[in-house]
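The values are calculated or read from the model by the stated rules, or taken from the named source; none is laboratory data. Nothing here was measured: the structure is a model prediction, and the numbers come from that model. Using ideal geometry, Cβ is built from the backbone for each residue, glycine included, and neighbour counts are taken over all protein chains shown.
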Amino acid sequence: MSEEEPDYEALANAVADVRRLVAHLRKTQAPRETLERVAAQVSELNEALAPYDHEGPYQQRSLVMGDMNSHVRDTEIPAEYFPYSPVVGALNPIAAPVGFDFDGEEIHAEHVFDAPYNGPPTAVHGGIIALVFDELLGSLGAMRDIGGFTGTLTIRYRSLTPIGEKIRMRSWIERREGRKTFVSGTMHVGERLCAEAEGIFIRPEVSMLDHAMSGKAKAG
């Protein structure tokens, strides 16, 4: 198995097509014979890709785990810093992807969620909202070079977050206390507040990071 990163453009294009496939499957009214043909073709693709799976450990920054120097931030664009993010990553097929814009102080975003992210009728699933907030708040710390692991994430769902309409998002830092960073965020559709969140992100000690990067940290 190669320890090299895959070709970025080729993988991003393949991932984008898989997202389209997922969206079509979520919304399809296709007849049985069409679905059976799609299933057979997808099975062939899975067999072609399987021998090239990287066994991990995994991270958002790159496919192959590097040393601490590989995590030095070299971009102002969250999607470039986290290409495998499940929220913003161009190389992750489950990402929407939501386009985060970092202005040096805050993160802003606008996104239209499609049917794969549906929860209540006409609306985005609450778990998806939580996932996006975790990244919206957490990646701001990373972009400000004070990032850390999620300690707590509190979400208040104020109104339904609609599918198929532009959702406006924002995150900002409230304060810092030692290794803790307190971050807030909101989601709006038009002027209506859909949801708001508060998170505490805890910057790990260097020894903890070294242990995690070694790939020897045990789950649990």
Tell me, which residue of region 92-131 that is touching a Lys or Arg at 6+ places or on another chain (Cβ under 9 Å) and among the β-branched types (Val, Ile, Thr) is farthest from residue 80 (Cα to Cα)?
112
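Return a yes/no flag: does region 142-151 have any residue that is farther than 21 Å from residue 89 by Cα and not basic (Lys, Arg). Talk me through it step by step, then tell me what you get.
Within region 142-151, the subset farther than 21 Å from residue 89 by Cα is 151.
Those still in the list that are not basic (Lys, Arg) too: 151.
Within region 142-151, one or more residues are farther than 21 Å from residue 89 by Cα and not basic (Lys, Arg).
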Strands (runs of 3 or more DSSP E) enclosed by region 77-190 - at least 3 residues per element that are within 29 Å of residue 14 (Cβ to Cβ)
99-102, 107-112, 166-177
Looking at residue 122 and the list (1) farther than 19 Å from residue 181 by Cβ; (2) out of contact with any Pro (no Cβ under 9 Å at 6 or more places or on another chain), which single condition is not satisfied?
(2)
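In the set 184, 159, which member is more than 30 Å from residue 72 (Cα to Cα) and among the polar types (S, T, N, Q)?
Working: 184 fails: more than 30 Å from residue 72 (Cα to Cα).
Unique residue meeting the criteria: 159.
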Looking at (1) at pLDDT 95 or above; (2) surrounded by 15 or more Cβ atoms within 10 Å (Cβ to Cβ), which one does residue 213 not meet, given that it meets all the others?
(1)
